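Each remark here refers to the structure printed beneath this line.
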Amino acid sequence: MLSENVTNGSRVTDSTAQDDTASGGPEALAFDPRTPNSARMWNYWIGGKDNYAADRAAAEAVMAAFPALPGIARHTRRFLVDVVQQLAAAHGVRQFLDIGTGLPTADNTHEVAQRVAPDSRVLYVDNDPVVLAHARALLTSTPEGKTEFIQADLRDTATILAQAARTLDFGQPVAILLLAVLHFISERDDPYAIVASLMGAVPAGSYLVIAHAASDIRPSATEEGFQIYNDRSPAQLTPRSREQIDRLAAGLDPVGPGVVPMSQWFEPGLLGSNADLTGYYGLLRKP
């Protein structure tokens, strides 16, 4: 059943959950605060307030083995701001498909894009009902642009693309953002086919933005942290090698530095020596 919620002229489209206005509001969506949640753990690392004791305990356990992680989370947000500004200002992109958006915080994709180009259209996608419960706070837009949200799983590209077509014009370039989400897709679920399906649906001149945990950047400093994360979080993380990242980007042209360890995206020394631990980040263009 398809339900819609309207907030500030924007629509929440949810193909799996009941209308939250009929069930007592977003807080009525079922979730267990005693179970750690990856979106809320990330929220804790970037200094947010939308988390519970179980999330904080799990996040602290991961940090004990991987103390650079809060800084990495903040650097990832900095990367998002930088790349969306570039896409809107330098490349003229006016449509953004942000999949795996996570909980809303400062400088969300639509805020960054619409500061540059108020007519930008942004569609957020996440499969987490906790994120859906915060959609009203996220779904605001300039009058000239549009901001919407759908609940869907990255593995279900057909649903994402079908519903995205209601907001985005696939005859015009689209920037697809996959930040810190592909590493939650196992090899069994074929992330390479997922990316190929998404990029195959958008025209030449579209872009892919990627941020992905690395298995081959200082593995001695990250392996334990990744293992503890998987032990503590219901969302299992699969870091990948440079060779695997290149497979994800097959057929796309690098923009700027392309896909690189994070410190190479920014000016030398700006982020410190631990920035590379987060993995591979970059911008690619469909020829």
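Rounded to the nearest 0.05, what FRET efficiency do LYS49 and ASP231 give with R0 = 25 Å and r taken as the Cβ-Cβ distance? Could you check? Write out the running numbers ahead of the final one.
Numbers: r = 25 Å, r/R0 = 1.02.
Working from the Cβ atoms, E equals 0.50.
Please list LYS146, LYS49 from largest to smallest accessible area, probe radius 1.4 Å, with all protein chains kept in place.
Output order, biggest surface exposure first: LYS49, LYS146.
What accessible area, in Å² to the nearest ten, does a 1.4 Å probe give for ILE72?
In the full protein context, ILE72 sits at about 0 Å².
Amide H of ARG285 versus every other amide H placed in the peptide plane: which residues, excluding those fewer than 5 positions away on the same chain, fall under 5 Å?
LEU208, ASP253, VAL255
Which distance in nm do the two modelled labels at SER220 and TYR192 give, with both placed 7 Å along the Cα-to-Cβ direction?
Using points 7 Å along Cα→Cβ, the separation is 3.1 nm.
How high is the FRET efficiency between ARG242 and ARG166 when r is their beta carbon distance and R₀ equals 41 Å, given to the nearest 0.05?
Working: r = 37 Å, r/R0 = 0.90.
The value I calculate is 0.65.
What is the distance, in nm, between label points placed 7 Å from the Cα along the Cα-to-Cβ direction at ASP156 and at THR35?
Those two pseudo-labels are separated by 1.7 nm.
How many Å² of accessible area per residue for segment 98-221, probe 1.4 Å? It would help to have the intermediate numbers written out before the result.
Numbers: 4160 Å² over 124 residues.
With all protein chains present, segment 98-221 gives 34 Å² per residue.
From largest accessible area down, sort TYR124, TYR44, TYR52; use a 1.4 Å probe on the protein chains.
Largest accessible area first, the residues go TYR52, TYR44, TYR124.
Provide the solvent-accessible area of THR238, counting protein heavy atoms only and rolling a 1.4 Å probe, rounded to the nearest 10 Å².
About 40 Å², ignoring ligands and nucleic acids.
Is segment 178-287 rounded, prolate or oblate when judged by the Cα gyration tensor, a ≥ b ≥ c being the square roots of its eigenvalues, rounded requiring a/c under 1.5 and prolate requiring a/b larger than b/c? Mind showing how you got there, number by number?
On the way: a/c = 2.42, a/b = 1.22, b/c = 1.98.
Because a/c hits 1.5 or more and a/b fails to exceed b/c, segment 178-287 counts as oblate.
The values are calculated or read from the model by the stated rules, or taken from the named source; none is laboratory data. What you are looking at is a predicted structure, and each value in this text was computed from that prediction instead of being measured. When we count neighbours, we look across all protein chains shown, and the Cβ atoms used for this are built from the backbone with ideal geometry, even at glycine. Protein only, heavy atoms only, side chains kept; ligands, DNA and RNA dropped before computing areas. Shrake-Rupley method; radii C 1.70, N 1.55, O 1.52, S 1.80 Å.
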